[in-house]
1. In the stretch 590-608, how many residues are open to solvent by 10 Å² or more (accessible area, probe 1.4 Å) and under 29 Å from the mean Cα position of the chain (by Cα)?
2. Which of the following residues is touching a strand residue (DSSP E or B) at 6+ places or on another chain (Cβ under 7 Å) and of a type in the set (Lys, Arg): 77, 72?
3. Out of all the residues in the stretch 288-309, is one or more more than 30 Å from residue 83 (Cβ to Cβ), over 35 Å from the mean Cα position of the chain (by Cα) and assigned to a helix (DSSP H, G or I)?
4. Is at least one residue of the stretch 472-481 under 30 Å from residue 369 (Cα atoms) and open to solvent by 40 Å² or more (accessible area, probe 1.4 Å)?
5. Pick from 245, 222, 202, 235: which is touching a residue at least 12 places away in the same chain (Cβ under 8 Å), in a helix (DSSP H, G or I) and not acidic (Asp, Glu)?
6. Give the residue, chosen from 302, 357, 292, that is at pLDDT below 90 and either open to solvent by 70 Å² or more (accessible area, probe 1.4 Å) or not charged (D, E, K, R) (or both).
7. Quick one: in the stretch 579-604, of everything that is of a type in the set (Asp, Glu) and outside any helix (DSSP H, G or I), which residue is modelled with the lowest pLDDT?
8. Step by step: first the residues of the stretch 393-452, then only those that are within 19 Å of residue 467 (Cα to Cα) and basic (Lys, Arg), then the one that is least open to solvent (accessible area, probe 1.4 Å). Which residue is that?
Amino acid sequence: MPSILVINPGSTSTKIALFSEEGILVEESLEHDASALRQLPSIAAQLSLRKQTLLDFLERHNPGKLDMIVGRGGPLRPLEGGTWIVNREMADDLRSARYGEHASLLGGLLALDLAEAHGTRACVVDPVTVDEMDDVARVSGVKGIERRGRGHALNLKAVCRQAAEELGKPLEETRLIAAHLGGGISVALMRGGKIRDINDGLLGMGPFSANRAGALPLSGILDLAFAPGQSRSSLEKQLSSGAGLYSYLGTADLREIEKRIEEGDEEARFHLEAMAYQIAKEIGAGIAALQGKVDGIVLTGGMSRCEFLMKKLRDSLSSLAPLFHSPGEKEMEALGLGALRVLKGEEEARVYQQESGSPSGSQPPRSFEDLIARLSGDTPRRVAVAGAAKASVIEALARASHRGIVEPLLLGPEDKIRELCGKAGLENPLILDIPEDDETLAKAAVREVREGRAQILMKGSLSTSSLLKAVLHAEEGLRGDGKLSHVALLESRGRWMLHTDGGINVEQDLETRKSILSNAVALARRLEIPEPAIAGLALVENENKDLPETLDMKQLALWVEEGALGDARMEGPLALDVAFSRESADSKGSDSKLSGCVDIFLGPNITATNFVVKALLDYRQVKVGGLVLGARVPIVLLSRSDSPETRLYSLALGAYCDSPES
């Protein structure tokens, strides 16, 4: 009888079971130390900690020979459903979180690690990024926005197999509507066992759930998005965890809501009925999309245990098609059965291959995750870190190292650095034991780069002036052809914005601005922006001798338009609001041709640029990474207040700039 080990990681626990043709033989939910998990720089870094708990489970139950080990399928490239063998290509994509960080990525990694130790195969079943949608279902109604096929694929497919058996029909011949009613609600059109359309219950369409919003009136979304003090992250949190029944009733617990209804709470009754109404409406729309030819409606998920909700759905749906009710979730059984079908020869396992060419195909990179994906599979760039004996620096490097971006070379006191590496999960670090003296550290790090033992320079715990002095040394430094300048790269709504210079040049005359602009244009081209649009920012939009930057911006615009930087366009002086918004330009009567589509924002001085970037980061919740350019290599120069994400993105940008041209 086949023996299968099933692994299903959650955020702070891992479910594990032994499975055979008889079903689940033994199952445990292994809890992990949440504080220990939080200290690790990435989800993939949790591998060794979680693996030990699985080894303890196996020692307790001694299963003998394992025929297959199956893990929950994490974020991968869009795939058809089925059972996929975990190979090195899949493991690389999971370990680097190439398609997103989620606890489920540990399923495949743990399965492969244990399978290699037990001399057997590892697989995943119906990963979270299963995408089988019909092309017509992807159309959103706005060009540039595409509907995505995210949902509870593992459970939806499992309950549809069960319904097909009850119907006495081959799964390939069924037409079902399956609704997973859980923390999120997924209503899927299942044709032939494949998910041909689904609502995306996280931040997509469909009915609201216990604490998530569903489809919303666009005017209301705009009001929320542009409310004073609103940020993208806070709005996402509100819509994905503070919406739905919770926003109306102050609780997402259906047991409490049912009890309130029994006690005569009419508000609770009304809003639970409203959710049932939306679920029924979404299912009805699915039946229409299948032209009314439906073998059955399958209701599953934790919320389907709520009798009040189920009665309302039965009243609305029972006349449309046979109802199948499978309360709760069947993930562990579904994983075990997927592996069992392969072992019994009922299904052929698929072999995962990474996407050929660049991870984003022919499209230019437009996000930091795109940059990280482009680096996947390349040799990590070695980064020399001057003054590495600092927890925040080591944590950032550990995170970047785990994602395959860089290989840190750490300069500073070895004992202290090694202790910090142990806490951050940075294994087998390369360390140069150097005293904590700024000048000595800076010179040593620059030397490692100059002599070719590292490709990127990073400032750790030492003064900026000491590092730049070593970089600019005439004989022993890393001088380039022009001046150094800092470029902040902001990711906002699917596009890049480059802001410069908010970190290096205090005095900015015309010649300095030319160097600053040349560095920014070079970075824009590296990001595949072929003809960057540049705004020379100033307080006013006409030349004013009392505002010297207005004169410089006018001269620079002429310089750029004459072809000094190749294919590029520039307007200046230009006010910030006009550069950002076509609406602002129209209200001011501006005839700017670049308004609303600026790629590079050249600030009037170091203070203004620094303030603008920090304000955008705080209030618009953009993502940001930054580099010092103009030296022979990229220089990562971070602020003490930079978030872990900004540190990661800066390292990714540095590695990307040093990588071979696409």
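The values are calculated or read from the model by the stated rules, or taken from the named source; none is laboratory data. Note that this is a predicted model, so its numbers are computed, not measured. Don't worry about glycine lacking a Cβ; one is built from the backbone with ideal geometry, like all the others, and counts go over all protein chains shown. Surface areas here come from the heavy atoms of the whole protein model, side chains and all, with no ligands, DNA or RNA. Shrake-Rupley method; radii C 1.70, N 1.55, O 1.52, S 1.80 Å.
1. Adding up the residues that qualify gives 3.
2. Checking each option against the conditions leaves just 72.
3. The initial filter retains those residues of the stretch 288-309 that are more than 30 Å from residue 83 (Cβ to Cβ), namely 288, 291-292, 306-309.
Keeping just the survivors that are over 35 Å from the mean Cα position of the chain (by Cα) gives 291-292, 307-308.
Now restrict to residues that are assigned to a helix (DSSP H, G or I): 307-308.
Yes, the stretch 288-309 has at least one match.
4. no
5. On the way: 222 fails: touching a residue at least 12 places away in the same chain (Cβ under 8 Å); 202 fails: in a helix (DSSP H, G or I); 235 fails: touching a residue at least 12 places away in the same chain (Cβ under 8 Å).
Every option except 245 fails the conditions.
6. Only one candidate passes the filter, namely 357.
7. Top of the filtered list is 591.
8. 450
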